[in-house]
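Presented below is the structure to which this report refers.
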């Protein structure tokens, strides 16, 4: 396995730990403590981070737009954690302090991820040209084998497209609603 392949697999593992397991634990913890501000922030996070799962399913299905979705998710995730901008919410509880630490780590991870994956945006236009593009399909394909027992790539592609359409529709609706309210 090349150093680049190891980087890709490490990125996938970190994505699972930092963008799935840790925020799931924070959501459960904040719900158990009835910490409404943190619950609201974590729900907003999950709405945005769903794009990362959409990208995984599109990658499993071999759909080139997955690269664009993945980079976009890495941009939107930190924005969702600091939205609304300039908010001066105090996170006095232990869960709140853990959230602030996790938010910093995820922001750094996503920032680094954008730098690493931005060159892959070319894969959106020319899927088969670069072997580097194909390397990024490895971890999602293994994920599919473990979690879904070998989900057919065409079904994963359809699920990914469906998720992307729903995601884009809801995001557009929320943006229009927000702009109308102002």
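Rule-based calculations on the coordinates, nothing more; no lab input. Model, not experiment: these values are computed from the prediction. Note: ideal-geometry Cβ built from the backbone for every residue, glycine included; neighbour counts use all protein chains shown.
What is the angle, in °, between the Cα long axis of helix 94-117 and the longest principal axis of the Cα atoms in the chain? Nearest 10 is fine, range 0 to 90. Orientation of helix 94-117: about 30 degrees from the principal axis. Note on 6, 132: ascending count of other Cβ atoms within 10 Å places them as 6, 132, the fewest first.
Tell me, 123, 133 in order of fewest to most beta-carbon neighbours within 10 Å?
Numbers: 123 23, 133 19.
In increasing order of surrounding Cβ atoms, one gets 133, 123.
Rounded to the nearest 10 degrees, the inclination of helix 36-60 to the longest alpha-carbon principal axis of the chain is 0 degrees.
Mean-square fluctuations from a GNM of the chain, with a 10 angstrom spring cutoff on Cα atoms, peak among 106, 135, 48 at 135. Approximating the spin labels as points 7 Å out from Cα along Cα→Cβ, the residue 9-to-residue 125 distance works out to 3.2 nm. One chain, two ends: residue 168 and residue 154. Fully extended at 0.36 nm per residue, the span grows by 3.0 nm beyond their Cα-Cα distance. Among 66, 168, 156, the largest mean-square fluctuation in a Gaussian network model of the chain, built with springs joining Cα atoms closer than 10 Å, belongs to 168.
Between residue 161 and residue 36, take the C-beta separation as r, use R0 = 35 Å, and let me know the FRET efficiency to the nearest 0.05. All intermediate terms of the calculation are to be shown ahead of the outcome.
Details: r = 35 Å, r/R0 = 1.00.
Efficiency for this residue pair is about 0.50.
Extension gain, residue 16 to residue 146, is 45.4 nm, computed as 0.36 nm per intervening residue step minus the present C-alpha separation.
Once the Cα atoms are used to define both axes, helix 153-181 deviates from the longest principal axis of the chain by about 30 degrees. Size descriptors for the chain, from the alpha-carbon set: Rg then Dmax equal 17.2, 53 Å.
Within the listed set 47, 137, 33, the Gaussian network model of the chain (springs between alpha-carbon atoms below 10 Å) gives the highest mean-square fluctuation for 33.
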